[in-house]
2 protein chains.
Amino acid sequence: MNVISATIITIGDELLIGQTIDTNSAFIGQELNKAGIWLKRRIAVGDVRDEILDALRAQSRDNDILIITGGLGPTADDITKPALREYFNAGVRIDDAALQNVHDIFSRFGRIPSEVNLKQAEVPDCCTVLPNRRGTAPGMWFEQDGVVYVSLPGVPHEMKGLITDSVLPKLLERFTLPAIAHRTALTAGKGESDLAAHIASFEAALPGWIKLAYLPSYGLVRLRLTGRGDDAGAVNAALDRHFAELKTLVGEWLVADTDSSLTGAVHAALKEAGKTVGTVESCTGGYLARLLTEPAGASAVFTGSVVAYANEVKMQVLGVPAETLQRHGAVSEETVRALVEGGLRVLGTDYVVATSGIMGPGGGTPEKPVGTIWIAVGDRERTETLLLNYRFDRARNMELTANTALNFLRKFVLKNGK
Amino acid sequence: MNVISATIITIGDELLIGQTIDTNSAFIGQELNKAGIWLKRRIAVGDVRDEILDALRAQSRDNDILIITGGLGPTADDITKPALREYFNAGVRIDDAALQNVHDIFSRFGRIPSEVNLKQAEVPDCCTVLPNRRGTAPGMWFEQDGVVYVSLPGVPHEMKGLITDSVLPKLLERFTLPAIAHRTALTAGKGESDLAAHIASFEAALPGWIKLAYLPSYGLVRLRLTGRGDDAGAVNAALDRHFAELKTLVGEWLVADTDSSLTGAVHAALKEAGKTVGTVESCTGGYLARLLTEPAGASAVFTGSVVAYANEVKMQVLGVPAETLQRHGAVSEETVRALVEGGLRVLGTDYVVATSGIMGPGGGTPEKPVGTIWIAVGDRERTETLLLNYRFDRARNMELTANTALNFLRKFVLKNGK
């Protein structure tokens, strides 16, 4: 089987001193992997001429493809372009399309590009320009001694746009890649190691050319089957068989049998039931609403929320009885039930999901330590509640609570949404 | 100046296929940088013997320190330890303290360690063990030909604990390090290239041992000065001088003269003024509330929000007149003003920030295309509004709107919060 290997070279001091977390490489790794390209290494170097040139020389020796990101900004510390000119021993040319793009982007804001901005259209004369519809720095495609070099801006949405619109299509055209296919199942509510134990014999029985990957994230685990081979038909047929078996094995925790988000699955369940949801949030502070409004077209299933961080808001906006708060506390089953009632009345939705808890680091007591969180989901007939006891930091408690609440809502809709 | 350079080698397939985002390297980079160690490169390789050995050989040539993370788990695909044994041509020994640690950790959960778990105490006989109080895989410290090799588990909180408790103290003892210091200014409302042009002469006049870095992110730009030298006093004195000049130059857009977040600056302004804020969100769908409740202790300045995604919620919960919505539309100055009024009444806060706009991809019209967004901030005396016209995708429109709204709020508080 024909293996095409790639290495990502990320350029920028900010990645070395830890000012920026490198999310670009994860995205590029995923996309190359899906396309059947083996990502061999990831290298990050600073804005240092020699470092960039050394990395290009060393990595071009045993890779077919080098993806270079970053250092294309208009400022003085961005030196990728001069380094590439030197490496390819190339001159400079102004790319008319790139120049027009700079003017277009600025005119959209009724502004005149400066000299510095216009320099973005200067490219090494040996490269093919990849148009960047999202920013002023164009992507650049080079070939030398059978190796493809792609230089992309480091701004995530610009890089992603270029990878999807230009780089992947051109790579698929340029190289003969093995047939590769994936099947992804999204599960919630069972930990990675428990899942692994549960499906150990399934995993052991997989043929060598089908790999199972666990992708855990805050209470969710994606299970991805990846099959490689020369015959696409055979690869897909085998994947379908094994994926069907996998889905039965994890059925109890299965959220979606596509690579969708948990929010996507919640939206699908609500659309299927033709129902709407609102959120009433204390400890999640609007995060559930934020997640539910992330996908386009959210207004079809989501109408609104009340973030009741302070008790006054719980009482005055949602009519939670002062007595409930006094007797049981804001973090209690009684209070989240009252929050659901209030939300159904105030927001007028079919369902309401409510949260109240102690995310930390402060606010814990011996009876209710940090990580004590109540969740409730209800409609006009019934309300179900769930008590969580986490012992993590604020950020992790927040992520886990949000995913658990959304999955609790999803199950409630599937059960009662008929 | 004595420059000590380090490279991070991260081991694990999951980092190459994009299953996990490499947050460890960012943390290690920050810590090394603070200590005055120059992080030269970051390399990520898969769980492949030859790749690991090649990386160790190549990187030991021009580095003083190699920090190796990952691949120390008990499962079959974790091959860092055998690779290190081979590299150092070392035998195996059982480390008693590490073995005791495995037993202690398991007994804490009332469990018996398996053979596999106990193997975690096996280490190459040429290493110094760095105790891991947070997990079963010990850290390992090697020295060969004047180069220090540190191998750490990839689990973030275990790695962090080892870096802080053992690795940094030992490195500071082992090497004489130059003084390094940073000054960071957070700016909002002016693009990277405009800022660069505005401070070009300042940047040109900086001495060679002080670097200026631009770190842009959705309408914000961090400007970081980094100074290196042998005399900490001199470095800091010079940085203070240049940083003071920089702050004056960018004063108009200066949000914070520390490396804080925009949310942090908003919280600081509200605490300073002794005031509270609530949000009323249509198009931002709870994102402002989410950001304002991210930091610990948010309840001191944030009391609650109404996410009024649907017009019914705007009318029924916030009392926006149906006529206002009919005549001017939900995305209009009149509506965001009414949202602020309603919010002040319903949430009872000192300030309310409101948003209404079209984030896309759907919902645009010729008069109000996608990216048309109204923001309003008000207290009981006055309300100020701002019209945005973005032409980006939903995610970027959302990030830019959120940062712009938070900064608009911050300025309003500074102006009227006396």
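Amide H contacts under 5 Å for B:TYR390: B:THR372, B:ILE373, restricted to partners 5 or more places along the chain or on a different chain, H placed in the peptide plane at 1.01 Å from N. Here is the tail figure for the protein assembly as shown: Cα pairs spaced more than 56 Å apart come to 9 percent of all pairs. Residues within the reach of a label modelled at A:LYS211 (point 7 angstrom out along Cα to beta-carbon, backbone nitrogen below 11 Å), restricted to segment B:23-63, are B:46-48. In terms of accessible area, using a 1.4 Å probe and ignoring ligands and nucleic acids, A:HIS267, B:HIS182 rank largest first as B:HIS182, A:HIS267.
State, to one decimal in nm², a quarter of the convex hull surface area for the C-alpha atoms of segment A:51-194, i.e. the direction-averaged projected area. Kindly include the intermediate steps, with their values, before the conclusion.
Values: hull surface 51.0 nm².
For segment A:51-194, averaging the hull's shadow over all directions gives 12.8 nm².
Rounded to the nearest 100, the interface formed by chains B and A buries 5600 square angstrom of accessible surface, both chains summed, with a 1.4 Å probe.
Which of the residue pairs A:LYS160/B:LYS190; A:LYS119/B:LYS211; A:LYS40/A:LYS81; B:LYS247/B:LYS411; A:LYS170/B:LYS190 have a Cα-Cα distance greater than 28 Å in the structure shown?
Pairs exceeding the cut-off: A:LYS170/B:LYS190.
With the label put 7 angstrom out from Cα along the Cα-to-Cβ vector, A:LYS190 ends up 5.7 nm from the copy partners, going from closest to farthest.
Assuming 0.36 nm per residue, please report the length gained on full extension of the stretch A:GLU122 to A:PHE106 beyond their Cα-Cα distance.
Values: separation 16, 0.36 × 16 = 5.76 nm, distance 1.69 nm.
Between A:GLU122 and A:PHE106, full extension yields 4.1 nm more.
Residues whose amide H falls under 5 Å from that of B:GLU143, counting only those 5 or more places apart or on a different chain, are B:TYR149, with hydrogens built in the peptide plane. Amide H to amide H, with H built 1.01 Å from N, B:SER217 comes under 5 Å of B:ARG222, counting only residues 5 or more places away or on other chains. Taking a ≥ b ≥ c as the square roots of the Cα gyration tensor eigenvalues, with a/c under 1.5 meaning rounded and otherwise prolate when a/b beats b/c, else oblate, which class fits segment A:255-362? Since a/c reaches 1.5 and a/b is larger than b/c, the shape of segment A:255-362 is classed as prolate.
If you wrap the tightest convex hull around every Cα atom of segment A:1-114 and split its volume per residue, you get 153 Å³. Average projection, convex hull of the Cα set of chain A: 24.9 square nanometres. Need one word for segment A:136-236: rounded, prolate or oblate. Basis is the Cα gyration tensor (sqrt eigenvalues a ≥ b ≥ c); a/c below 1.5 gives rounded, then a/b vs b/c decides. Verdict is oblate for segment A:136-236. The candidates B:LYS314, B:LYS40, arranged from most to least accessible area with a 1.4 Å probe in the full protein assembly, appear as B:LYS40, B:LYS314. Looking at the protein assembly as shown alone, DSSP beta bridges between its own residues are antiparallel in about 65 percent of cases. Just checking the listed ones, B:GLU31, B:GLU312, B:GLU115: in the Gaussian network model of chain B with Cα springs under 10 Å, the one fluctuating most is B:GLU115. Per residue, the protein assembly as shown exposes 40 Å² of accessible surface when a 1.4 Å probe is rolled over the protein heavy atoms with every protein chain present. Separation of segment B:224-294 from segment A:388-418 is 33 Å, based on Cα centroids.
Could you tell me whether segment A:300-418 comes out rounded, prolate or oblate from its Cα gyration tensor? Rule is a ≥ b ≥ c as square roots of the eigenvalues, rounded for a/c under 1.5, then prolate if a/b exceeds b/c, otherwise oblate. Provide the component values of the computation, followed by the final result.
Working: a/c = 1.86, a/b = 1.26, b/c = 1.48.
Taking the square roots of the gyration eigenvalues as a ≥ b ≥ c, segment A:300-418 is oblate.
Hey, quick one: spin label on B:ARG241, modelled 7 Å out along Cα-Cβ, who in segment B:172-216 has an amide N within reach, i.e. under 16 Å? It comes to B:202-211, nothing else.
The values are calculated or read from the model by the stated rules, or taken from the named source; none is laboratory data. All figures in this text were calculated on a predicted structure; none of them were measured in a lab. Reconstructed Cβ throughout: ideal geometry from the backbone, glycine too, with neighbour counts over all protein chains shown. We work out accessible area using only protein heavy atoms, side chains counted, and drop any ligands, DNA or RNA first. Shrake-Rupley method; radii C 1.70, N 1.55, O 1.52, S 1.80 Å.
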